[in-house]
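Just below is one structure, and these are the notes that go with it.
The values are calculated or read from the model by the stated rules, or taken from the named source; none is laboratory data. On a predicted model such as this, the values are computed, not experimentally measured, just so you know. Counting neighbours? That spans all protein chains shown, and the Cβs are built from the backbone with ideal geometry, glycine included.
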Amino acid sequence: MKRSFRERDPLRMGIVGVASVTLLVTLTFNLTRLEGGTRYTAAFTEASGLKPQEDVRIAGVEVGKVKGVSLEGDHVKVVFTVDGKAHFGSRSRAQIKISTLLGAHYLEIQPGGAGRQSPHSEIPTSRTTPSYEVVPALQDLSGRLEKVDVPQLSTAFDTLSEALQGAPENVRGALDGLRKISRAVSSRDDSLTRLLTHSSNVTNLLADRSGDLATLISDGSLLLQEIDDRRATIRSLLSGTVSLSQQITGTIEENNATLHPALVQLHNVVGILIRNQDNLDRAVQTLGPFVTTSGDATATGRWFDGYLQNLIPLPVRVAPPTTTHPAGRTPTPAATAPGGDTLPIFP
C-alpha cells in the first residue's frame, strides 16, 4: 500500500531534493566538458580567415578546436574548446596565427595572469590579436617603396659621407656601406618593384588554389597510406623472389655434374647441325615437292592415285580387219605396233 506524501520522512526527502539540485547544477556547469572540453569565447576585431575545426594551441601543443566564427556587433566572436587538462590564467591572450602558406590558421592561447580564465567570461579585443596577413603587408611595402625618392636618398648619403671624411675609420666604413646600399637599391628599384608585384600575384594564386593544393596533398597522403598498407605484401613478394633464386641456384649446383655433360653434348649436336646446314636446306627444299605430290595422291579418300609410265608401248595405230577368226567371229580393227606387228583387239 502506497503512503501519502505527508506520511513520508521530511528529512529524507529534503536530503534527496538537495542532492538532486546539486547534481543538476553540477551537470549544467560542466556540460561543456561532456562535449569534448571546456568552451570559451574570444572577441576579435577581424576573423583573419579563421575557420571552424582549426586547431587551438598552447605553446605549440594542440589542446582543442575552433567551434564557430560569427559576427557579433562590431567584432567577431570566436567559440573554441580546450581540453580539461589545459589551464590558462585570467589575463591570457588569444592570437590568430598562420600555420601554412596555403591559408591554414590556428588559434594560439598565450597564458597569463593568476587564477583561471572563466568559461563564462569572454576574452575581450584588448587581449586578442588577428593574424598577420602576408598579402596586405607586401602590398603596403610596395606602396611605401614607390613613395621613396631613391635618387634623393642616394644624394643624401653621398653628402653625409663627404661631410664626415674626417670621422673615424669605422664611421666612414659604415657610411660607405650605406652609400653602396643606396646605390644598389637605386639601380634595382624597378627589379624590386616587379619582384614585389610578382610576389603578390604568386601569393594570390596560392590563396586561390589552396583547395586544389590541399586536395593534391590529401591524395598524396592516401597514396602513401596505400603503399604503406601494401608494404607487407611487397616485402613477402621480394622475400619469395629471393628464396626462389636461392632454390634455383641450389638446384643448378646440385645437378651440375649431370647438366654439364648434357650441355656439352648439346653443344656438339648444335655444331653438327651448323656444319650440315647446307645439306639440311637442300633436304627441306627437296622434301617440299615430295610432300605436295604425296598429298595429292592420298587426297581422294581411301584410294591411292598412281601412275606407271611405259607399261604399254604407245602410241599405237589402228588397222582395218583383214582376217576372219577361225571360230567365225570377226575381230575388231587391229592395232599395229611401231615394229610392224599387228595386234588384234577383241571386245
Q. So which residues in the stretch 220-253 are surrounded by fewer than 10 Cβ atoms within 10 Å (Cβ to Cβ) and either hydroxyl-bearing (Ser, Thr, Tyr) or not in a helix (DSSP H, G or I) (or both), if there are any at all?
A. Thr233
Q) Which condition breaks for Ser199 when tested against (1) at pLDDT 70 or above; (2) exposed (fewer than 14 other Cβ atoms within 10 Å of the Cβ); (3) of a type in the set (Ser, Thr, Tyr)? A) (2)
Q) Could you count how many residues in the stretch 254-269 are of a type in the set (Asp, Glu) and loosely packed, with under 10 Cβ neighbours inside 10 Å? A) 0
Q: Considering every residue within the stretch 42-49, establish whether at least one is at pLDDT 90 or above and in contact with an Asp or Glu (Cβ under 8 Å, 6 or more places away or on another chain).
A: yes
Q: Give me the pairs, please: first residue somewhere in the stretch 188-215 and of a type in the set (Gly, Ala, Ser), second residue anywhere and modelled with pLDDT of 75 or more and surrounded by 14 or more Cβ atoms within 10 Å (Cβ to Cβ), beta-carbon distance under 6 Å, and either six or more positions apart or on two chains.
A: none
